[in-house]
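Structure first, commentary second.
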Amino acid sequence: MAREIKSKKKNNNNNKSNETLMFQVTESYKKARTNLVYSIIKKGCKKIIITSPFKSEGKTTTTINVAIALSQQVDTKVMVIDCDLRRPTVHSTMNLNSEKGLANFLNDECELGEIITHSESENLDFITFGAIPPNPSELLSSDNMTDMVRRLEMVYDYIIFDTPPINMVVDMVPLIGLSDGIVMVVRHNNTTYPELNRAVETINRNQGKILGIIINEIPTLETAKGGYYLYRRRRRGGGYSSYESNVY
């Protein structure tokens, strides 16, 4: 009987710990949302790129959670576009259909309305990747991409671009001119200062505006000082190895 009581107490403590962690995660993304809102003072749609220096730094998880936090504001419509046409993950993370998506529209294979997926939240929509094309950089820099963003601006308050890692491929560079700012995602004890500096230099060279940096996997919120400190689940696998170092 005593063992059973101890076991129940242990489970209760674990539940409280998990609840505390989830509360901290939610509050961290709300803080990121608040900072983004005040970083872009403009009327109409705000367009934000979320990228990282390299892969597996929590970029897509951060994109989705920031988008969810933004969509929880009253009368705020948010669109997330998976612009990572080499290693897309938005569809699998959100369990969305990717039969038709961004690449198909940019190749004139379907209409815009056919690639918009509505989520459970009436204020949050997605455009997945569709088919993986052989020419992602050309598609993202096309007139069709510019036209699509202009059309979406008339409907949404925020457009969030989930892009490939900036130090690994050039695909996101054409999107800089379409955006109002860029959020960099890095991972604690993984991203190095030279990698981050290289990413920042590329953005500055293309006249991009850096809105802030989100650091993933800080051990505890109590040890974090300044910036956004968020937790995420660890992701592995996949690769851009054949495209490495061609950002310049």
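Using the Cβ of S121 as centre and a radius below 15 Å, the other residues enclosed give a net charge of -3, where K and R count +1 and D and E count -1. Note that segment 83-96 has calculated 3J(HN,Hα) couplings of 9, 8, 8, 9, 9, x, 9, 4, 4, 6, 5, 9, 6, 10 Hz, one per residue in order, obtained from phi through the Karplus relation 6.51 cos²θ - 1.76 cosθ + 1.60 (θ = phi - 60°); glycine and proline are x.
Between their Cα atoms, which of K43/K100; K55/K209; K100/K209; K43/K77 are more than 23 Å away from each other? Each step should come with its number before you reach the end.
Details: K43/K100 31 Å; K55/K209 21 Å; K100/K209 31 Å; K43/K77 14 Å.
With Cα atoms farther than 23 Å apart: K43/K100; K100/K209.
Taking amide hydrogens as placed 1.01 Å from N in the peptide plane, the amide H of F129 sits under 5 Å from those of H91, L102, each at least 5 positions away in sequence or on another chain.
Taking segment 94-160, which chymotrypsin sites (Phe, Trp or Tyr not before Pro) meet the DSSP loop condition and have no more than 11 other C-beta atoms within 10 Å? Before the final figure, lay out each step's value.
Values: sites: F105, F126, F129, Y156, Y158; in loops: F129, Y156.
The qualifying sites: there are none.
With a ≥ b ≥ c taken as the square roots of the eigenvalues of the C-alpha gyration tensor of segment 66-187, please select rounded if a/c is under 1.5 and otherwise prolate if a/b is larger than b/c or oblate if it is not? It is rounded, given that a/c, with a ≥ b ≥ c, falls under 1.5. For a paramagnetic label modelled on V37 (point 7 Å from Cα along Cα→Cβ), amide N atoms under 18 Å away belong, within segment 138-175, to 156-160. Contour minus end-to-end for N135 and N190, with contour as 0.36 nm per residue of separation and end-to-end as the Cα-Cα distance? Extra length from N135 to N190 when fully extended: 16.8 nm. Remark: segment 162-176, residue by residue, has Karplus-estimated 3J(HN,Hα) of 8, 10, x, x, 5, 7, 10, 9, 8, 4, 6, 4, x, 6, 4 Hz, where x stands for each Gly or Pro and the curve is 6.51 cos²θ - 1.76 cosθ + 1.60 at θ = phi - 60°.
Out of all DSSP beta bridges in segment 38-239, what portion is antiparallel? Express it as a percent rounded to 5.
On the way: 3 of 30 bridges.
In segment 38-239, DSSP labels about 10 percent of beta bridges as antiparallel.
Order the peptides 69-80, 134-145 from the highest to the lowest mean number of other Cβ atoms within 10 Å of their residues.
Numbers: 69-80: 18.6, 134-145: 16.6.
Final packing ranking: 69-80, 134-145.
Remark: segment 68-79, residue by residue, has Karplus-estimated 3J(HN,Hα) of 4, 4, 5, 6, 7, 6, 5, 6, 10, 9, 10, 10 Hz, where x stands for each Gly or Pro and the curve is 6.51 cos²θ - 1.76 cosθ + 1.60 at θ = phi - 60°.
Charge dipole (Cα centre; +1 on Lys/Arg Cβ, -1 on Asp/Glu Cβ; no other charges) of segment 38-239 amounts to roughly 880 debye. Relative contact order, whole percent, for segment 38-239 stands at 31, derived from Cα pairs under 8 Å and 6 or more residues apart.
Does segment 107-179 classify as rounded, prolate or oblate by the C-alpha gyration tensor (a ≥ b ≥ c root eigenvalues; a/c under 1.5 gives rounded; else a/b over b/c gives prolate, otherwise oblate)? Because a/c hits 1.5 or more and a/b exceeds b/c, segment 107-179 counts as prolate. Sum up the charges of everything whose Cβ sits under 12 Å from the Cβ of M94, counting Lys and Arg as +1 and Asp and Glu as -1, but leave M94 out. Once all neighbours under 12 Å are counted, the net charge is -4.
Values quoted throughout were computed directly from the atomic coordinates according to the rules given, and no laboratory measurement underlies them. None of the values given here were measured: they were computed from a predicted structure. Note that each Cβ is placed from the backbone with ideal geometry, even for glycine, and that neighbours are counted across all protein chains shown.
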